[in-house]
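Scroll down for the structure; my scribbles are underneath it.
Just so you know, all these numbers are worked out from the coordinates, no wet-lab data involved. Small disclaimer: the values here were computed from a predicted structure and weren't measured. Cβ sites come from the backbone with ideal geometry, for glycine too, and all protein chains shown count toward neighbours.
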Amino acid sequence: MLTFKVYRLQSVDSTNAWLKSHVDRNTKQGLVVVALEQTEGRGRQGRAWESPVGNLYFSLFLKPSCPSHQMALFTYIASLSIAMGLESFIDQAKKVQVKWPNDVLVEGAKIAGTLLEVISDGEGAYGLIIGIGVNVRSAPQVEGNKTTSLLAETEINASIATVLTRILRQIYQNYFSWHRHEFKNVREQWLNRHFVQSGEEILVKHPKEEKYIFQTIGDDGALIVQDINGEVKSLVAGEIMA
């Protein structure tokens, strides 16, 4: 059973950090914290996530019934759910896309991102925190990325509460789809929205930049690519640059 309990804060250093300090092994899943602003928002690899008032910043605590090594798959559930939630606002003529491993785009410009952290104690991993940031009213610059906002794409001044509700609704549905069908359905829907399709060239940083041909996403969530020599590789870390 997944029931959301939402805490609303004016300002916080990081919603992930706040939630991490307020949960333990006995906490029920579904706890959500949303803040009007973050003073120390973080993205992947410790990067700063600029978090002015007017955009959506929230974190969600889940306790999926799976081994800890499979919890990383929830990055896909998160980005897919954001994309599906935003599709309800954005004209169908515009493509809402996902980009491995954790970005959401509109027509190639970044509108949202996720940060997943597995939570553990002395007994091992017991849950995960998914941090989500969505550009609702402004589009702070991100090095190496074009950015956009929901307001820029729709000219609709959507409320933070409405955007949050629509994304949480999709997380709920995709969470139970994962429970019923494991990763298969989520993976298929995510791939349908990926900004490049099988057979297209991509530039991947892991840690140096290399060109590959995108193939698919594996059942374990790894990026499956083909290198310039035709060898198929499985990448579990890194990011697609272009």
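Observations on the model:
- Cβ charges +1 (Lys, Arg) and -1 (Asp, Glu), total dipole of the range 139-185, debye: 260
- For the chain, the membrane-span-like helices by this rule, meaning whole DSSP H stretches whose C-alpha atoms cover at least 18 Å of axis and whose Kyte-Doolittle mean is 1.0 or above, are 74-87; this says nothing about an actual membrane.
- Overall form of the range 201-240 per C-alpha gyration tensor (a/c, 1.5; a/b vs b/c): oblate
- Between the range 136-152 and the range 80-98, the alpha-carbon centres lie 15 Å apart.
- Scalar couplings 3J(HN,Hα) for the range 106-113, obtained by applying the Karplus form with A = 6.51, B = -1.76, C = 1.60 to θ = phi - 60°, are 10, 6, x, 9, 6, 10, 7, x Hz; x denotes Gly and Pro.
- Calculated Rg and Dmax of the Cα atoms in Å (choose from (1) 25.1, 85; (2) 17.3, 53; (3) 19.6, 63), label: (2)
- The range 197-242: trypsin sites (Lys or Arg not before Pro) in DSSP coil with no more than 14 other Cβ atoms inside 10 Å: Lys208
- Net dipole in debye of the chain [+1 Lys, Arg Cβ; -1 Asp, Glu Cβ; about Cα centre; nearest 20]: 580
- Estimated purely from DSSP H runs of n ≥ 4, each contributing -39500 (n - 2.57), the mean residue ellipticity at 222 nm for the chain is -7000 deg cm²/dmol once divided by its residues.
- Entry note, the chain: relative contact order of 16 percent, from Cα contacts under 8 Å with a spacing of 6+ residues.
- When you filter the GluC sites (Glu not before Pro) in the range 168-242 for DSSP loop state and at most 14 other Cβ atoms inside 10 Å of their Cβ, you are left with Glu182, Glu200, Glu231.
- Partners for Lys63 among lysines (Cα-Cα distance below 22 Å; same-chain residues under 8 apart left out): Lys5, Lys20, Lys28, Lys184
- Comparing Ile228, Ile160, Ile90 in a Gaussian network model of the chain where C-alpha atoms under 10 Å apart are linked, the largest mean-square fluctuation is found at Ile228.
- Global geometry of the range 116-242, whether rounded, prolate or oblate, following the gyration tensor of its Cα atoms and the 1.5 cut on a/c: oblate
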